[in-house]
Structure formats: C-alpha cells, structure tokens
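Student: Sending over a structure as structure tokens; questions will come in a sec.
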Amino acid sequence: MKEFDLYVVRHGQTYYNIYRKMQGWSNTPLTKQGIDDAQKIADKLSGEKFDAIYCSDMERARYTAKTICDNNLYHSNTDNIVDTPLLRGVFYGSFEGSNIDTTNYTLAASNKFDSYSNMVKQLGSDGIKDAFHEMDPFHQAENSKDYWKRWDKGLQEIIDDPNIQNNGKVLLVSHGPAVLSLVDRFANGKFDVSKRPENGSLTKLHFTSDGHFEVTGYNIK
C-alpha cells in the first residue's frame, strides 16, 4: 500500500468566527483577516508539490483551497480541486449560529462538568459530538457514529485516488472541529485537543504502508 503525507489546513477566519457563533454546516464569508490567513498559508505551501487537492464543499474552505492552489508553483489549475460534503466539519443541528461560549457552557453544565475544556479532555471530540446530539431538541446535531461514517468515506476516496503517488503529498482544506477530530482519533494523545487549531493553521498526517494515519504535527502556523 502506498504511503503519503496529508497536509490538513483549517480555512481562514470567517465572520461567525469573530462573532463567536457555532458554524458547522452554516457558512459566512472570510473576513479581511481570513483572506490574509488564506494568503499566508498559501505562501507557506507555495513550494509543496501536491498530487491531489481536496476540500470541504463549504465556501470558506473552497476559497482557502483555491488561494493555496492559485499560489502554488506546481498546481495552479483550480479545476482539479475535489470539493466534497464528505469532508465538512461536524453539523451542530439547531445550535448552528448560536453563541459558542453560552452553548458550550450549557453543554458542560448539563453533563455535570465544571468547564467545557475539562469536558473535552475527559470525553474527547467524539464524546462532545454525542453530547451535542443528545442536547439538541431536534436530535439533528451529528453524533460521532454518523460523523465518522461520512468522514471515513471521504478519507477512503483520498486513499484510493490514483493520482496520489507513493510518498506523495495531498492537501486537504477543512474545518477546526474536523482537524480536532483527526488529531483526537489518530494522534494517540500526543496533542492537547482542548486547544483549537487556529484559522489558516497546518496539521500534518502520514498515511503508512500498513494503512494507518499518524499525526506528525498540529496547529502549525
């Protein structure tokens, strides 16, 4: 089985990010800072040769991926970006657009935790997904089982991509909770998942010849 490096980038800052609102499948444009975030990571990755470029189908991820692609020395054809709903962040159901701090406080308190950060440390990102699903009065917030069923399909599409060469590199632009979920699942506790990845940050994974992902770097700016 081929090996490759997966470069995972969180999109640039959006208006919901600065308004501190829950933003999973809802979408707001990049701010001026967000456009700068996209340009900075594009400059950082301009010399990397990617065999394939993937992104979430949300516009904030697409814009960031296009900016990286437009500034890359080897890959300027944005028609080759594969955007897919399989690689979106988690869906927050009826909590989409609600205040992050108030919602997280309510989630922690209703589950008898003294803080949201301690809840994350004890339950992990999948436990948080399941707790949101239970607290959502419509039960439409995505639980961990449904989330990984979707994401595993997306990751398998990347693994099976014939354009990716052995020891090649793949770019994936997605979302903060998606990055956290990857790190929580594949890093074996090497990184603190209570610390969110910054907008425009880079997280690196390596897909091994025995078919496993390993996290080699987190929240690199």
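Student: Can you tell me which condition Ala42 does not meet? The list is (1) surrounded by fewer than 16 Cβ atoms within 10 Å (Cβ to Cβ); (2) of a type in the set (A, V, I, L, M, F, W, C); (3) at pLDDT 95 or above; (4) under 29 Å from Pro162 (Cα atoms), and all the others hold.
Tutor: (1)
Student: How many of the residues in segment 18-39 are surrounded by fewer than 21 Cβ atoms within 10 Å (Cβ to Cβ), of a type in the set (S, T, N, Q) and either closer than 30 Å to Gln165 by Cβ or touching a Ser or Thr at 6+ places or on another chain (Cβ under 9 Å) (or both)?
Tutor: Here the count works out to 4.
Student: Moving to a separate point now. So, in segment 73-117, exactly how many residues are over 23 Å from Pro29 (Cα atoms), in a helix (DSSP H, G or I) and touching a residue at least 24 places away in the same chain (Cβ under 8 Å)?
Tutor: Adding up the residues that qualify gives 4.
Student: Given the criteria more than 23 Å from Gly217 (Cα to Cα) and modelled with pLDDT of 95 or more, does Tyr7 qualify?
Tutor: Answer is no for this residue.
Student: Can I ask one more? Evaluate segment 129-143: report whether one residue or more is touching a residue at least 60 places away in the same chain (Cβ under 8 Å), surrounded by 13 or more Cβ atoms within 10 Å (Cβ to Cβ) and on the phi > 0 side of the Ramachandran plot.
Tutor: no
Student: Of a type in the set (Lys, Arg), within 15 Å of Val8 (Cα to Cα) and surrounded by 15 or more Cβ atoms within 10 Å (Cβ to Cβ): does that describe Lys49?
Tutor: no
Student: Collect the residues in segment 163-182 that are over 13 Å from Leu202 (Cα atoms) and not aliphatic (A, V, I, L, M), keeping them in residue-number order.
Tutor: Residues satisfying the conditions are Asn163, Gln165, Asn166, Asn167, Gly168, Lys169, Pro177, Ser181.
Student: If Asn188 satisfies all but one of (1) in contact with a Gly (Cβ under 7 Å, 6 or more places away or on another chain); (2) part of a loop (DSSP other than H, G, I, E, B), what's the number of the condition it fails?
Tutor: Only one criterion is unmet by Asn188, namely (1).
Student: Any chance you could count how many residues in segment 22-33 are more than 17 Å from the chain's Cα centre (by Cα) and not in a loop (DSSP other than H, G, I, E, B)?
Tutor: 2
Quick grid of which residues meet (1) surrounded by fewer than 16 Cβ atoms within 10 Å (Cβ to Cβ); (2) in contact with a Gly (Cβ under 8 Å, 6 or more places away or on another chain); (3) of a type in the set (Val, Ile, Thr); (4) on the phi > 0 side of the Ramachandran plot:
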position	(1), (2), (3), (4)
Leu171	no, no, no, no
Val179	no, no, yes, no
Asn199	no, yes, no, no
His212	yes, no, no, no
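Student: Select from segment 56-95 the residues that are of a type in the set (Phe, Trp, Tyr) and surrounded by fewer than 21 Cβ atoms within 10 Å (Cβ to Cβ) and write down the one among them that is nearest to Lys40 (Cα to Cα).
Tutor: Tyr63
Each row is one residue, and each column tells you yes or no for (1) of a type outside the set (Lys, Arg); (2) at pLDDT 95 or above.
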{"position": "Tyr54", "(1), (2)": "yes, yes"}
{"position": "Arg60", "(1), (2)": "no, yes"}
{"position": "Leu73", "(1), (2)": "yes, no"}
{"position": "Asn77", "(1), (2)": "yes, no"}
{"position": "Ile81", "(1), (2)": "yes, yes"}
{"position": "Leu86", "(1), (2)": "yes, yes"}
{"position": "Ser94", "(1), (2)": "yes, yes"}
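Student: Which one is nearest to Gly189 (Cα to Cα) among residues in segment 120-160 that are part of a helix (DSSP H, G or I) and over 20 Å from the mean Cα position of the chain (by Cα)?
Tutor: Selected residue: Gln122.
Student: Out of Asp184, Asp160, Asp130, which single residue is of a type in the set (D, E, K, R) and under 30 Å from Asn71 (Cα atoms)?
Tutor: None of the other options fit; the residue is Asp160.
Student: Under 8 Å by Cβ, and 6 or more places apart or on different chains, what pairs join a residue from segment 193-221 that is acidic (Asp, Glu) with one that is at pLDDT below 95?
Tutor: Filtered contacts from segment 193-221: Glu198/Lys221; Asp210/Met1.
The values are calculated or read from the model by the stated rules, or taken from the named source; none is laboratory data. Everything quoted here is computed from the prediction, not taken from an experiment. FYI the Cβ positions are ideal-geometry reconstructions off the backbone, even for glycines, and counts take in every protein chain you see.
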